[in-house]
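Every number in this text was worked out from the coordinates using simple rules, so none of it is lab data. Note that the coordinates shown come from a computational prediction; the quantities given were computed from them, not determined experimentally. Note that each Cβ is placed from the backbone with ideal geometry, even for glycine, and that neighbours are counted across all protein chains shown.
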Amino acid sequence: MKLKKLSILLTVLALSQVATVIPVGAEAGNTDIPQGTVTQEVYDPNATMPIIDDIEEPEEPITPVSSNMNELILYFNSTKMEHGGKVYNAPQPMQVKNGVSYVPIRALVDRVGFKVTYDKKTKETIILKGSNELRFKTDSSKYTVNGVTKTMKGTSYQTNSTFMVPLTAITQALNIPYKADNVGKRVIMNLETKPTAKFTVAPKEIFAGETIVTYKTESESSLGLPIVDERWEGKQEVFDTPGEYKISYSVQDSSGSWSDPYTQTITVIQPNQPPVAFFSTDKAEYMMGELITYTDESTDDGEIKTTKWENKEFAFFTPGPKTIKLTVTDNKGLSSTYETSINITGDSLYSQDDFNMLFIPAGEKFSFISNVSSRSKLNYTFNDKPSTLIRSNSPETVDTEGIVYQETAVGDMRFMIHHVNNLDKNVKMYVVATNKNSTAATLRTDYLGFAGPSYIATAAGKKSVLNYFQSMKDGSKQSSITLEPGERKIVMTELNKQKMKNGDVISLFSDMYSDLPVQFDVIMIDEKSEPLSVIDQLPVLDSDGVHNRGTYPNSTRVIQYSDQVGGEPQRLILGDNLDDPNLSGMDPMYEEVTSNAGNFGVLYKITFDNVAPNTLISFNPRGGKYSGYAMVNGDIVPIYSLGQVKPDEQSVLYRTGGFEQKVEILLTAAPGSNLPVNLLFTPLPQKK
């Protein structure tokens, strides 16, 4: 009877020592156990705390002692550790509290190669592994991983001067796999971490058979182990043929682990070849004054950037062989030249003057010696249409930050803005629109042409006229904005897209409409300044006393000429302040009357109802060199495509055919050019 009672007592005592194993990620009292997790009861002789809670038991038995250098073994309730077949002692045993496994940080530091520091300011213990940083505070369940706050399964604590943290906080943050052997009462951490391999290739463009390729490696071991070996596939210093090539790179660290291959695909391109210059003429022999047709047949694999002709004439007027040369250059700077000779006979087809009038194409020019002033003038009348011109052109050369123009306008309006940066720094120009009304205002842009920044004033002026006319043709600049009461907005934003360096010129034309009076400020400020923040502190700049600025009403000048033109040599004069008087207006900053010298900014709409058959219409400057564009019957025509026209030259605008025609011409004076100008009407000689 006593033996039976003793047996029962021993059984009860034994059962009292049974502990429940909780799966990975679970805590005491947590019933959220992943499906497929097997829990089991294991006898714990210490009976002082539960077995580790968060690891599945492996299916196969685990060898008690491991010589694997990639395994670190920690024992429950023991300071014993095994690493690579050797036994070490931790400063404190691994412990389990409330179902959470805790390890001493120092044990991992000594064996795994972590770096531990302490931040006195934040009172945080810091673990560093490669580029990863973990920060812990005593008695806190929060920690940070690379600056991101996370929650641990338990609270860190100090015991006997040793900092203890939940094991899973470290393994999960640093992606360290581990497993629990509840039979052997231990945790086995797999420290094997592959090194990473990476490389870059230079240069960006690799030409077959030419480019020497350099490779820069950026490999590393997250455990801080040295890289002892490397392996390349497909690596070449020079690739002989064009195509795509895959290059792979792997590295091995001192533990024997190889990285995954890092692969790049590079494109090897055909080396740039010079363009092939070539042209042909429609025949090999011509009479003097006979039109020569050239066909440019140059080729290049890429882009031909420039084309330069030598001795290319529309016709020759002296007999003998003539050599013509063509040089083409691609966008890589390579060029080639082709030349050929044609023969000019002693026979004459046209005189030079007759040939020029008949065959020089629109947009090209020719010299002439006839007395322009002897031609009869067209006595025309004009009608000015409402459109307020705001001419911001003084100070043309701006020496200080400030407001170069300020005006309030309503209805149809046109802006002409032309200025040079003379500050010793980069600047930007803005147009700021302010609605001072009690109701919302609508501001509409119809046409806009901007050019610059450029060091050449005439080039900027010419290009702005081209873009202005182009916007009339395609409507590409049409837009509308609403200004609420008291609101300010930047308008004509093409003006401020680019900075202006010292000496740069900008030029702008814009036709706009506003349904309510709107104040416009044209400003030049430092490129880094915010215009809406500084505008109220900017001074209004004085005029330079040379160039013109002002506000001019009725700036669209309509000329309609009904009588026939072209039956004899004739001319129509623009911008002379006689036949074509200057607009009168006001400088709003000085409140002084001003005259729009040259009528820059005025849009001329000229209609000739009856142009005689076989009439040449050409453009001839009288005040000096001129460079710009006109629109003739809806087509944009350069007033000499390659540069400027001089007073002894005329640029071809249009020719009528064998019947009377109506011809419409739009003109506006290009900033940087000179006025006055003539439109010439000349009867064409008979074609042969």
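So the values come out like this:
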{"item": "Dipole of segment 485-566, positive end: most advanced residue of 525, 495, 553 [Cβ charges, Cα centre]", "result": "495"}
{"item": "Total formal charge among the other residues, if their Cβ is under 13 angstrom from that of residue 275, Lys/Arg +1 and Asp/Glu -1", "result": "-3"}
{"item": "Gyration tensor verdict on segment 387-549 (Cα atoms; rounded if a/c is under 1.5, prolate if a/b is larger than b/c, oblate otherwise)", "result": "oblate"}
{"item": "Shape of segment 303-387, Cα gyration tensor, a/c cut at 1.5", "result": "oblate"}
{"item": "Segment 533-618: translational diffusion in µm²/s, Stokes-Einstein, Kirkwood Rh over Cα pairs, 25 °C, 0.890 mPa s", "result": "153 µm²/s"}
{"item": "Subset of 283/322; 115/150; 325/688 violating a 18 Å alpha-carbon distance limit", "result": "115/150; 325/688"}
{"item": "Under 5 Å, built H, 5+ apart or other chain: amide partners of residue 254", "result": "228"}
{"item": "Relative contact order for the chain, counting Cα pairs under 8 Å that sit 6 or more residues apart, in percent", "result": "9 percent"}
{"item": "For residue 519, net neighbour charge (Lys/Arg +1, Asp/Glu -1) across residues whose Cβ lies under 15 Å away", "result": "-3"}
{"item": "Column: log10 I(q)/I(0), Debye, Cα scatterers of segment 279-349, q = 0.14 Å⁻¹", "result": "-0.47"}
{"item": "Computed over segment 628-678: relative contact order in percent, which uses C-alpha pairs under 8 Å that are six or more apart", "result": "43 percent"}
{"item": "Eligible lysines near residue 80 by straight Cα distance, threshold 16 Å, same-chain separation 8 or greater", "result": "185"}
{"item": "Computed magnitude of the charge dipole of segment 563-666 (debye, nearest 20; Cβ of K, R +1, Cβ of D, E -1)", "result": "400 debye"}
{"item": "Cβ-defined net charge surrounding residue 384, 14 Å radius [Lys, Arg +1; Asp, Glu -1]", "result": "+2"}
{"item": "Over 28 Å between alpha carbons, listed pairs 137/194; 97/179; 332/425", "result": "137/194; 332/425"}
{"item": "Value at 222 nm in deg cm²/dmol, rounded to 500, when DSSP H runs of n ≥ 4 in the chain each add -39,500 (n - 2.57)", "result": "-2500 deg cm²/dmol"}
{"item": "Directionally averaged shadow of the chain, computed from the convex hull of its alpha-carbon atoms, nm²", "result": "51.5 nm²"}
{"item": "Pairwise Cα inverse-distance average, inverted: Kirkwood Rh of segment 363-417 (Å)", "result": "16.3 Å"}
{"item": "Loop-located chymotrypsin sites (Phe, Trp or Tyr not before Pro) in segment 598-688, at most 12 other Cβ atoms within 10 Å (DSSP)", "result": "659"}
